[in-house]
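A.B. asks: Input: one structure, supplied below.
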Amino acid sequence: MLIINALVVFAISFLTTLISIPRIALFMNGKGIIGIDVHKPNKPNVPEMVGVSMLIGFFTSLVFLFLTIPELSNTCLAILASIAIASLVGLLDDFRDLSPLCKVLLATLSGIPIIFLRAYNPRPMIPFIGRVRLTIAYPLAIPLALSVTSNAMNMSDPVNGAMSGSASIILASLTVAYALTGKYSASLVGLALLGATLAFYFYNRYPARVFSGNVGSFAVGAAIGSFVVTSGLEVVGVIAMLPQILNSYMILSTGGGFKGKKAITVRPTRPLENGLIEAVKDQRAPLTLVRMILAGSAKHESEIANEFLALTLFSSILSLVTALILQPGG
Amino acid sequence: MRDTYWIYMNLFIAWFSILIGFYLLSILVNYTRQFNGSIFINVFEVLMAVVMFLLWLTLWRLITIRLFKRIIGKLSTYMEPVTYE
C-alpha cells in the first residue's frame, strides 16, 4: 500500500507540473513576462515565473496526501501554507525587486504556519548526542530556518537547471534518508515535492526553455525547509543543502552584506564571445559558488550546471552518511 | 571535476568539522548534565551550540579563503577592473 501511495503521489506531482509548464510558459509569454538568458551568446528571451507550475504540483500532491493519509494532514497543511507564503514573497520580489534584508525578513513569515499548527517536533535528533529537547528554542528557530532555505535556494539559481536540479537531488536524498530511518510517511511527502521539482528540471535544464522566477525558487526553498522542520532530520537537511547555504553565506560576506545588487559593482562572472563563461578577476566581485567553479578555467554553462549538481550530489551523499550516523531512538 | 576538486574538499571539511563540533557538544552536554542532573539541554547548552556554530562559520570562511588561497588567489588578485551595467 505504501509503495502504491508513493507511486501515485509522485505521479500526481510530476504530471501536474509537467502538463502545466507549457501552458504557464505560454501565458507568461503572452503577458510579456520574460527574462533574458544572459549566459547565451544570442541572449534569447525565456518565459519567466514559470515556477508557478511547481506550486501546482506541490499543491495537488500535498492535497492528495492530506485527503488520503490522515496522520499527514497537519504536516501537509503546514507545508502548503509555508509554500504559499514564501511564493507570495517571491512574487513580490519578481515585481518589486525587494532588498536582501527585506527578503530575509519577509521569508521568516513562512515559518509561522508551522508554529501555529504545531506541526513540528521540538526534539531534533543530533549526531553523537541523540534526541534533544528544545521546547523554547526550536519554535523560535523555525522562521529563521525557513528564511535561510528560501533565500539560499533563491541565491542558488545562477545558471540553467542549477536550482531545480539541485532541489531535486536534495529532496531525493531527504526522501531516502527518511526511508532509511523508518519514517516512511515523511518519504511520501518528499516524493510529493520531488515530483514537481524534477518535472520542472526537464524544462529548466540547459538550454532552459523556462525560468522559475523568484516565485519558484522561494517556493522550493520553503518546501524543503518546511519539509525538514515538520518531518525531523534537521541536521541531514542542513548537510544536504551545504553548497546552497555556503554559497549564500559567501555572497553575503563578500558581496556587501544585505545591501543588495546595487552594492555589487562588479559581477562575479562574465560571458565570453566563444560561448564560455569566465570568473571575473577582480577582488571587488563577490565570491560565489559559480565563481569558485570557474576559478581554474572558463567553462560552458552546461558544465557549470553539471558541476553545481555534482557538488549538491556530493553533499547529499554526505547527508545520507549523516543519517546513518544518527543514533536511532537516542 | 579536475580543477574543482578543492570545492569538494572544502565541502568535506565543512561536513567533517560539523560532525566534530557535534561530538565536542556531546562531551559538553554530558559534562553539564553531571551538575544539574537534567536530561534536557538547557539554555546554556543551546547558547554554547550557537556560539560554536558562529565560530565554525567564521573558521570555515577563513579556511576557504586562506587554505585554498593558491586557487582562489587567481580570483582575488586584482588584475583588471571589469564593470557591468
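Every number in this text was worked out from the coordinates using simple rules, so none of it is lab data. Just so we're clear, the structure is a prediction, and the values are computed from it rather than from any experiment. Neighbour counts are summed over all protein chains in view; Cβ atoms, including those assigned to glycine, are modelled from backbone coordinates with ideal geometry.
A.B. asks: What translational D, rounded to a whole number of µm²/s, comes out for region A:17-111 from Stokes-Einstein when the hydrodynamic radius is the Kirkwood one over Cα pairs, at 37 °C and 0.692 mPa s?
C.D. replies: 216 µm²/s
A.B. asks: Same structure, new question: Under a Cβ-Cβ cut-off of 11 Å, what is the net charge of the residues other than A:Val89 that fall near it, where Lys and Arg count +1 and Asp and Glu count -1?
C.D. replies: Neighbour charge sum, excluding A:Val89 itself: 0.
A.B. asks: Also: How would you rank A:Ile112, A:Ile3, A:Ile129, going from fewest to most other Cβ atoms within 10 Å of each one's own Cβ?
C.D. replies: Going from least to most buried by this count: A:Ile3, A:Ile112, A:Ile129.
A.B. asks: Please report, to one decimal in angstroms, the Kirkwood hydrodynamic radius of region A:279-330 built from all distinct Cα-Cα pairs.
C.D. replies: Its Kirkwood hydrodynamic radius stands at 13.3 Å.
A.B. asks: Rounded to the nearest 500, what is chain A's calculated 222 nm mean residue ellipticity when only DSSP H runs of at least 4 contribute -39500 (n - 2.57) each, over all residues?
C.D. replies: -21500 deg cm²/dmol
A.B. asks: Which ³J(HN,Hα) values, rounded to whole Hz and listed in residue order, are derived for region A:227-241 from phi using the Karplus coefficients 6.51, -1.76 and 1.60 in 6.51 cos²θ - 1.76 cosθ + 1.60 with θ = phi - 60°, glycine and proline given as x?
C.D. replies: Calculated HN-Hα couplings, in order: 4, 5, 5, 7, 10, x, 6, 4, 5, 4, x, 5, 5, 4, 9 Hz.
A.B. asks: Okay, moving on. To the nearest 10 degrees, how steep is helix A:137-155 against the longest Cα principal axis of chain A, on a 0 to 90 scale?
C.D. replies: 30 degrees
A.B. asks: Still on this structure, please answer the following. Sorted from fewest to most neighbouring beta carbons within 10 Å, what does the list A:Thr181, A:Thr149, A:Thr17 look like?
C.D. replies: Ordered from fewest to most neighbouring Cβ atoms within 10 Å, A:Thr181, A:Thr149, A:Thr17 come out as A:Thr181, A:Thr17, A:Thr149.
A.B. asks: Evaluate E = 1/(1 + (r/R0)^6) for A:Asn42 and A:Asp97, where r is the Cβ-Cβ distance and R0 equals 30 Å; express this FRET efficiency to the nearest 0.05.
C.D. replies: 0.70
A.B. asks: Under 37 °C and 0.692 mPa s, how fast does region A:187-323 diffuse according to Stokes-Einstein, given a Kirkwood radius computed over C-alpha pairs? Answer in µm²/s, whole number.
C.D. replies: 197 µm²/s
A.B. asks: Using Cα centres only, tell me the gap between region A:94-138 and region A:12-59 in whole Å.
C.D. replies: What the calculation gives is 29 Å, centre to centre.
A.B. asks: Still on this structure: Taking the alpha carbon gyration tensor of region A:59-141, what are the square roots of 5 times its eigenvalues, largest first, to the nearest whole Å?
C.D. replies: Computed over region A:59-141, the values are 26, 21, 10 Å.
A.B. asks: First obtain the Kirkwood hydrodynamic radius of region A:130-267 from its Cα pairs, then insert it into the Stokes-Einstein equation at 37 °C and 0.692 mPa s, and state the resulting D in µm² per second as a whole number.
C.D. replies: So the translational diffusion coefficient is about 208 µm²/s.
A.B. asks: Could you give me the radius of gyration and the Dmax of chain A, taking only the C-alpha atoms into account and expressing both in angstrom?
C.D. replies: Rg then Dmax for chain A, in Å: 19.1, 57.
A.B. asks: Straight-line reach from A:Lys281: which aspartates and glutamates fall under 19 Å, measuring Cα to Cα and dropping same-chain residues less than 8 apart?
C.D. replies: Excluding near neighbours in sequence, the set is A:Glu273, A:Glu301, B:Asp3, B:Glu80, B:Glu85.
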